[in-house]
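Engineer: Can you keep this structure in mind? I'll have questions shortly.
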């Protein structure tokens, strides 16, 4: 288990503010945040390459401030792979084992085993700079894992890869996590990586921990607008609670009354989050299965994305929804077309901005 | 790529013309000396093979090498500290390292002299164990060490800085202590810089004159001998000695440059 206990680090313009997190043994823990937020420093603090200005880093309950990096049983894989350019692939992988003074035959056996595990046995005698990014990344991972660390730290490991290699590598990482019962801490700015691998996620923006929790909780229930935007929730609105009951609340957003399953005190000013993936679009007049949150609307924008379309829809408020190419064809969705949109109250996440003073009625 | 015109543009052309002045100056001086010696080859050979001349050239080369060996021992750790750490007063330390570059050589000579003379802070304890700097080989090495140290330290420091910290960090997490990471990763990747820093320092050391004559006029290094010949025997003899040293330097540095291409061929890729 890795614990950060009120850790603060200042490095140049970057500052980590009193970070406290707990990473349990066996977690695949993601630390996500915008680029340049100094996430690498968190990894370097775990590895012992950076010393916090204040606060403590504990591993398995023990304060590790006096333990140098080479004694922490932690492997770190950097975004730039950091392979030793003056050594062949085989020598790179053998580096850690040689330092352990392992017999030569044993080293050769382990190096061969790990190289075949990653499908790079044929690269053993190659120099690192002659290989592709994906190959170098595999070597870096093999080199890190051959020493059998307790904790694997990954710094943006997928950012320099094309999509095909990335998908393969994600599968590898998932397998490694299971096979070795490793604790993995992975920092990235990519939500997609976190969605496909994480068990728990921490969101760090501007050096401050904004949210920490189970993956789905973080991605569906952000605590504030900043996190909501960062985790990619397309629809974020300001609103006011206009009625509340046991089963949920009704929130006034623009001209729409949106029902949520969350119970919020009447009169609160709130922030409303709805993921575009939770909004369904039907031909106008077709009734929805759920009786709430069904609005007549008009399609204002159709933006193609990598494998789907983002629909900009106006129903008094501007809402985003997703559609596949197939759906667009089947439903005959075109610009300016009248449709009806709906979303389930349980898909409407609400955070209260201001509940102390009841919102004032509009003055004229 | 095929170029339409082989005529370089006017900017490059004028830069080349202006810049060639420096090259021409050196070539002209070398040609003049060479011509004179070649036309009077028997005389040159008789001067160049004088035992005094041969001894002075050997002494200069060996003392220079000795200074470089000391720089390897003391300069590499300093270069690493300057390359990898931040500390209060680092700027001051950097300026101090550079001082020998800025000082007139006679001043450097006085500084070396007052430290290493028999009653000097460093000279005195050494004289008690039998090492005398004044008028002796150790004095020559001390002067060369002092004046060439900035060239060595700065070149090696550049080399260390070019090795990404991430490589060192990766080595640390793989089980290397800081020294092991230095020895197995940083040092091999900076070999070329260390080598070229050594050549620079050697060249600077063997070229020293003013600082050396203050602490050790005798035994004569080549510069002292040339100056002595110039003032006592005249231009003809001193030029012959100079030409002998030129030949030795050209051969040695040609060999070293050739060697450098083989050293640390990986560090360009870092």
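Engineer: Take residue A:77 and tell me if it is surrounded by 16 or more Cβ atoms within 10 Å (Cβ to Cβ) and either at the interface with chain B (Cβ under 9 Å from one of its Cβ atoms) or under 23 Å from residue A:177 (Cα atoms) (or both).
Structural biologist: yes
Engineer: Need the failing condition index for residue A:125 against (1) away from chain B (no Cβ under 13 Å); (2) outside any helix (DSSP H, G or I); (3) within 24 Å of residue A:198 (Cβ to Cβ), just the number.
Structural biologist: (3)
Engineer: The conditions are (1) surrounded by 17 or more Cβ atoms within 10 Å (Cβ to Cβ); (2) touching a helix residue (DSSP H, G or I) at 6+ places or on another chain (Cβ under 6 Å); (3) within 14 Å of chain A (Cβ to nearest Cβ), and residue B:197 fails exactly one of them. Which is it?
Structural biologist: All conditions are met except number (3).
Engineer: Next question. With respect to residue A:103, determine if the residue is facing chain B (nearest Cβ under 10 Å) and without any contact (Cβ under 8 Å) to a residue 24 or more places away in the chain.
Structural biologist: no
Engineer: Still on this structure: Taking the stated definitions as given, is residue A:90 in contact with a helix residue (DSSP H, G or I) (Cβ under 8 Å, 6 or more places away or on another chain) and either in contact (Cβ under 8 Å) with a residue 12 or more places away in the chain or at positive phi (or both)?
Structural biologist: So residue A:90 passes the test.
Engineer: Might you check whether a residue that is within 27 Å of residue A:44 (Cβ to Cβ), at pLDDT below 95, more than 9 Å from chain B (Cβ to nearest Cβ) and touching a helix residue (DSSP H, G or I) at 6+ places or on another chain (Cβ under 6 Å) occurs anywhere in the stretch A:161-168?
Structural biologist: yes
Engineer: So, one more: With respect to residue A:83, determine if the residue is under 26 Å from residue A:114 (Cα atoms), part of a loop (DSSP other than H, G, I, E, B), within 14 Å of chain B (Cβ to nearest Cβ) and modelled with pLDDT of 90 or more.
Structural biologist: The answer is yes for residue A:83.
Engineer: Related question: Please work out which one of (1) within 9 Å of chain B (Cβ to nearest Cβ); (2) in a helix (DSSP H, G or I); (3) under 30 Å from residue A:191 (Cβ atoms) is the condition residue A:95 fails and give its number.
Structural biologist: (3)
Engineer: State yes or no: is residue A:43 under 30 Å from residue A:232 (Cβ atoms), within 13 Å of chain B (Cβ to nearest Cβ) and modelled with pLDDT under 90?
Structural biologist: No, not satisfied.
Engineer: In the stretch B:109-194, which helices (runs of 4 or more DSSP H) lie fully inside it and hold 2 or more residues that are at the interface with another protein chain (Cβ under 10 Å from one of its Cβ atoms)?
Structural biologist: Because the criterion is at least 2 residues that are at the interface with another protein chain (Cβ under 10 Å from one of its Cβ atoms), the helices (runs of 4 or more DSSP H) in the stretch B:109-194 that meet it are B:165-173, B:178-181.
Engineer: Give me a count of the residues in the stretch A:1-35 that are assigned to a loop (DSSP other than H, G, I, E, B) and farther than 30 Å from residue A:180 by Cβ.
Structural biologist: Of the residues in that region, 3 qualify.
Engineer: If you take the residues of the stretch A:62-72 that are buried (at least 16 other Cβ atoms within 10 Å of the Cβ) and within 16 Å of residue B:170 (Cβ to Cβ), which of them is farthest from the other protein chains (Cβ to nearest Cβ)?
Structural biologist: Only one residue tops the list, namely A:72.
Engineer: Here's another thing I want to ask about it. Check whether at least one residue in the stretch A:107-116 is within 14 Å of chain B (Cβ to nearest Cβ), more than 30 Å from residue A:1 (Cβ to Cβ), assigned to a helix (DSSP H, G or I) and over 30 Å from the mean Cα position of the chain (by Cα), and report yes or no.
Structural biologist: yes
Engineer: So residue A:149 passes all but one of these: (1) more than 12 Å from every other protein chain (Cβ to nearest Cβ); (2) on the phi < 0 side of the Ramachandran plot. Which condition number does it fail?
Structural biologist: The number of the failed condition is (1).
Engineer: So, one more: Identify the single condition in (1) within 21 Å of the chain's Cα centre (by Cα); (2) under 25 Å from residue A:100 (Cβ atoms) that residue A:67 does not satisfy, given that it satisfies every other one.
Structural biologist: Among (1) within 21 Å of the chain's Cα centre (by Cα); (2) under 25 Å from residue A:100 (Cβ atoms), residue A:67 violates only (1).
Engineer: Return yes or no: is residue A:59 more than 10 Å from chain B (Cβ to nearest Cβ), touching a strand residue (DSSP E or B) at 6+ places or on another chain (Cβ under 9 Å), under 20 Å from residue A:148 (Cβ atoms) and surrounded by 16 or more Cβ atoms within 10 Å (Cβ to Cβ)?
Structural biologist: yes
Engineer: Of the conditions (1) over 27 Å from residue A:226 (Cβ atoms); (2) surrounded by fewer than 18 Cβ atoms within 10 Å (Cβ to Cβ); (3) modelled with pLDDT of 90 or more, residue A:299 satisfies every one except a single condition; which number is it?
Structural biologist: Condition (2) is where residue A:299 drops out.
The values are calculated or read from the model by the stated rules, or taken from the named source; none is laboratory data. Predicted model, so just to flag it, every value in this text is computed and none were measured. When we count neighbours, we look across all protein chains shown, and the Cβ atoms used for this are built from the backbone with ideal geometry, even at glycine.
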